[in-house]
Every structure is written in structure tokens, then in C-alpha cells.
Amino acid sequence: MRIEALTPDFAERYEAFLLARPETLLYQSWRYQNLLIDLLGCRQQSLLALDDNDQLLAVLPLMSMDGPFGTVLNSLPFYGSNGGLVGKDPNARAGLIDAYTQMAQASGIAAATIIENPLAPDGADGASYNITDERIGQLTPLPHTDNVEETLMQSFHYKTRNMIRKAEKLGVEVTVDNDAMPFLVGVHEENMREIGGLAKSRRFFDALPRHFRPGEDYRIYVARLGQELVAAMLVFFYNRTAEYYTPVVRKEYRESQALSAAIFRAMSDAAAQGFAWWNWGGTWLSQDGVYRFKSRWGTQDRRYRYFTSVHNPEILKASRAELLAAYPSFFTVPFSALSA
């Protein structure tokens, strides 16, 4: 067995390896990693374990970014993207963790973090760390029945069923319109300003068509009231999971429940096409309202952790603003660990 860096020469085998495993997510994919390199200017550091016949045994997606405190390693960066070990071979997994540890302990490394996959929460087994953080992964199992919509509705909380029915009574119509990116981006920015959140940059949305195929890798679901566009949602599809990624709704139409109608249509489509999971993404333990909203869509909780090893203690003396500016879209340390 040997450890190699992921390069374009391995891309096809890497992707086939991921797709053969039901737990893998969009974030670990070759296309997504190339999006991150394009968007963030970070470096590809992903590792492969191969046998003597050049067959992949296990992989560890990994990126790095340089900054004033040194280099930061993430598996993976950008809004909590899940990474971690993929593959069951114990020797290969141990070899990858050894290689990761050597990288993390090299001169000039400030901090290194592995973010677990909620569908495979053993992705950091054996890794050294001195700080942990936790999220609640919320996923809805998608049914494979003759009547997908009815089965889904039965799994929802009655308040969620009522929201969907309200949208139907108001005449909300949901379609797929992959040319609606400008609407999605504009309303996303408005929604984030309203709650004081950090909007994804326009560069992110502009980069999507360069790395993903509309209609196949992602879809934009839009909701209309009459001729008026009132809500939209970007959904990614990878392997067995549909990713609830960027939901938006014009604030004056929030009570119409148009976004709920779009979610229900996208979920139903994903189930009918054979996807196993609808992934709502990670929720902070403190986000009671967000957690409650997602939980009413028939979700299962899958807790997962961030495993961080700090190698330059000066990073703990920085402020939150300094770290966000120095390592944009990378996870450095939990802000609760900062002394500033």
C-alpha cells in the first residue's frame, strides 16, 4: 500500500470510488473540490491510499490555505463542508491518518480540522486533536413507494403539512428553472442582510456552471404566485443524497409558504428518482428555531463533530474578525476557543 496525492490523473478512479459508497456526499466529490480551488484559491491536498495494483482503498479529501498565522488544513472548507475518511480498509485508513498527521505537524501549520460526514461519523478515527466542536446533521429519509408525496406528507409534522396545503390553496406553482440564478442570488443577499447572516458571494454562483451540470448536478426550483416569482431554492444531487443548499423567499411573500411548496416538490422529485436522503445540512446546537423547522420535515438527527488540532497557539489570540479575513471560508478554530 502507498499514499498518493489526488491529481487529475486519479480523478476518474476517485469519483468511481466515491459513487460506489452510499454514504458519500457532494462535498467530497471531484467537481466540488475543483469548485473550492476556483473560488477560494486554496490548494488541493487530498490523499489517496492505493494497493499494489493501483486500486483505491480509502481517500481523505483535504484543502489548505496560507495566512498570517501559517497554513490551515481543512477536510473540508466552505460553510462547513463535510470531509473525513472514505473507505473501510483499516490499514488504508490508518495510513491516511498518519499522512494527515505528518502534514498537520509540519513546520508552518497553524491548525488542521477534519469535519465528519453525518452519514459516516467515523471519518476522523485515529486523528489527533485538541479542540472539538459539534453540529446536528438533519436528514430526511426519502421513501421509495408508489405514492411518494402521500408517504412524505405522512412523515411530516402536522404544521409542515398545513404549510404545504396553504401554499397549494393560494395557487403557488413550483417548477424547475435553471436560468433563475439571478433571482436566487438577489433574494439570497436580501435574506442574509435581513438576518445579519453571511451571504455566499456572487463569485460562488457564477462558478457553479463551470463545475456542475444544470439539471443533472443541480436544479433551481422556483415558486410563483400568478406571474410573480416569490421563492427559489438551489438543490444539489450527488450519489444517493439531495442537498438543500440555498433557499430564498421574498420577505413580503414569506407567509404564502411558497418556499415550503418548493421544498416539498424538490423532495418528492428526489424520492421518485431514487435518492435515499434529503440533507438539510448542519445545525448549530444553539439554533433552536432552525432545528425545529427542519425537524418537522421527518428528519433523523445525525450528530457529527469537528476535530481540530492547533499547532500555532497564536491563532487562539486572534479575534473572530481577524480569522475570517485571514482565512476566508476556512475553519480555523471554534470561536468559543479564542481568548480575544
Seminar exercise, completed: To the nearest Å², the heavy-atom accessible area per residue of segment 1-132 with 1.4 Å probe amounts to 38 Å²
Exercise. Given the chain, what percent of its DSSP beta bridges are antiparallel, to the nearest 5?
Worked result: 85 percent
Exercise. Where only protein heavy atoms count, and the probe is 1.4 Å, what is the accessible area per residue for segment 193-340 in Å²?
Worked result: 46 Å²
For this session: For segment 1-114, just say rounded, prolate or oblate: build the C-alpha gyration tensor, square-root its eigenvalues into a ≥ b ≥ c, call rounded for a/c under 1.5, and beyond that prolate if a/b exceeds b/c, oblate if not.
Result: oblate
For this session: First check a/c for segment 132-269, with a ≥ b ≥ c the square roots of the eigenvalues of its C-alpha gyration tensor; if it is under 1.5, answer rounded, and if not, answer prolate when a/b is larger than b/c or oblate otherwise.
Result: rounded
Exercise. For HIS157, HIS188, what's the largest-to-smallest order of accessible area, 1.4 Å probe?
Worked result: HIS157, HIS188
Problem set entry | P(r) tail fraction, segment 116-186 - alpha-carbon pairs more than 15 Å apart, % | 75 percent
Seminar exercise, completed: Note on segment 146-294, DSSP bridge orientation, antiparallel percent to nearest 5 equals 85 percent
For this session: Check the chain and count each lysine pair with an alpha-carbon distance under 28 angstrom, considering only pairs eight or more places apart or from different chains.
Result: 11
For this session: Please state the charge dipole magnitude for the chain, taken about the Cα centre, from unit charges on C-beta atoms (+1 on K and R, -1 on D and E), reported in debye and rounded to the nearest 20.
Result: 1000 debye
Problem set entry | Dipole magnitude of segment 220-275 about its Cα centre (Cβ charges: Lys, Arg +1; Asp, Glu -1), debye to nearest 20 | 20 debye
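For segment 74-126, what does the relative contact order come out to in percent, with C-alpha contacts under 8 Å and a separation of six or more?
48 percent
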Exercise. For Cα extents along the principal axes in Å, which listed value, (i) 68, 41, 37; (ii) 58, 40, 38; (iii) 62, 49, 34, comes from the coordinates shown?
Worked result: (iii)
Exercise. What ranking, highest mean first, results for peptides 241-250, 206-215 when packing means the other Cβ atoms within 10 Å averaged over each residue?
Worked result: 241-250, 206-215
For this session: With a 1.4 Å probe and all protein chains in place, put ASP288, ASP54 in order of accessible area, largest first.
Result: ASP288, ASP54
Exercise. With charges set only on the Cβ (+1 for Lys and Arg, -1 for Asp and Glu), what does the dipole of segment 20-107 come to about its Cα centre, in debye to the nearest 20?
Worked result: 240 debye
Exercise. When the accessible area of the chain is computed with all protein chains present and a 1.4 Å probe, what percentage of it is carbon and sulfur?
Worked result: 48 percent
Exercise. To the nearest Å, what is the center-to-center distance of segment 136-160 and segment 296-340, using C-alpha atoms only?
Worked result: 33 Å
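The values are calculated or read from the model by the stated rules, or taken from the named source; none is laboratory data. All values derive from a computational prediction rather than experimental measurement. Methodologically, a virtual Cβ is constructed for each residue, glycine included, from the backbone with ideal geometry; neighbour enumeration extends over all protein chains shown. In case anyone asks, the SASA skips ligands and DNA or RNA and just uses the protein heavy atoms, side chains included. Shrake-Rupley method; radii C 1.70, N 1.55, O 1.52, S 1.80 Å.
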